Amino acid sequence: MKKIILNLAVTLDGYIEGPNGEIDWCIMDGDANFNDFLDGIDSIFYGRISYDLWGNYQPGEEENDLMKSISENINSKKKYVFSHTKSSDDTAAVFIQSDIVQKVNEIKKLPGKNIWLYGGAKLISTFLNTGLVDELQLAVHPVILGKGKLLFSEITNRVWLTLKETKSAPSGVVQLIYEVIR
């Protein structure tokens, strides 16, 4: 069965965004091999706000080749959007408004590769609180923001993890890969 993998950047103090939604602290490190991760998935789960901001991002001409490659890879994936307020748009994205656990388990049983749980924070909390996350891949960036949007602000139950691997990059980014203990 497919795994749901939470893969995202986080600051050392646990923030995924600055106080105004900024992600300028996020280091796009070529040594992180993010395209390798993307090659192992075929679907992405978004909350509506994250999808509206990033779900169809197209890099500008000023972007480097790495960002263009990552964007192209992301835009080739099947996208699922979890929303209470929006039921469709003019893309091929599938919108899910109810029965999250049932529908996610149905998607996990489909043939194919793993699923990237992109976020945002509320969707991540929902998935962790309902036991839907199988693995966490957190890229911890060497910065302390002090305020912003916390990654784990609405967790209702303990989630036990086993450390599977750590990777570090010359930039100071450390990736921690955890398996969720069931």
Candidates D90, D99, D36: whichever shows maximal mean-square fluctuation once the chain is modelled as a Gaussian network with Cα springs under 10 Å: D90
Using label points projected 7 Å from each Cα along Cα→Cβ, tell me how many nm separate H84 and I144, to one decimal. 3.5
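Give, rounded to the nearest 20 debye, the magnitude of the charge dipole that the stretch 4-180 has about its Cα centre when Lys and Arg contribute +1 at Cβ and Asp and Glu contribute -1 at Cβ.
Values: 16 positive and 24 negative charges, 160 e Å.
I would put it at about 760 debye.
State the three equivalent ellipsoid semi-axes of the chain, derived from the C-alpha gyration tensor as the square roots of 5 times its eigenvalues, in descending order and whole Å. All intermediate terms of the calculation are to be shown ahead of the outcome.
Numbers: eigenvalues 107, 84, 60 Å².
That gives 23, 20, 17 Å for the three semi-axes.
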Net charge (Lys, Arg +1; Asp, Glu -1) of residues whose beta-carbon lies under 13 Å from that of E106, E106 excluded, is +3
Return the loop-located trypsin sites (Lys or Arg not before Pro) in the stretch 92-170 (DSSP other than H, G, I, E, B) with at most 16 other Cβ atoms within 10 Å of their own Cβ; answer none if there are none. K109, K113, K147, R158
If amide H atoms are modeled at 1.01 Å from N in the peptide plane, then the residues at a separation of 5 or more from F95, or on another chain, having amide H under 5 Å from its own are V81
With a cap of 16 neighbouring Cβ atoms within 10 Å, and only residues DSSP puts in a loop, list the GluC sites (Glu not before Pro) found in the stretch 7-112. E22, E61, E62, E63
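Give the Kirkwood hydrodynamic radius (Å, one decimal) of the stretch 106-182, defined as one over the mean of 1/r across all pairs of different Cα atoms. Write out the running numbers ahead of the final one.
On the way: mean 1/r = 0.0704 Å⁻¹.
Answer for the stretch 106-182: a Kirkwood hydrodynamic radius of 14.2 Å.
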Q58: net charge of surrounding residues, Cβ under 11 Å, Lys/Arg +1, Asp/Glu -1, itself excluded? -2
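Return one quarter of the surface area of the convex hull spanned by the alpha-carbon atoms of the stretch 1-98, equal to its mean projected area, in nm².
Working: hull surface 32.2 nm².
Approximately 8.0 nm², given one-decimal rounding.
All of the numbers you see were taken from the coordinates with simple rules; none came from a lab. Just so it is clear, the model here is predicted, and its values are computed rather than measured. So basically every Cβ, Gly included, is an ideal-geometry build from the backbone, and we count neighbours across all protein chains shown.
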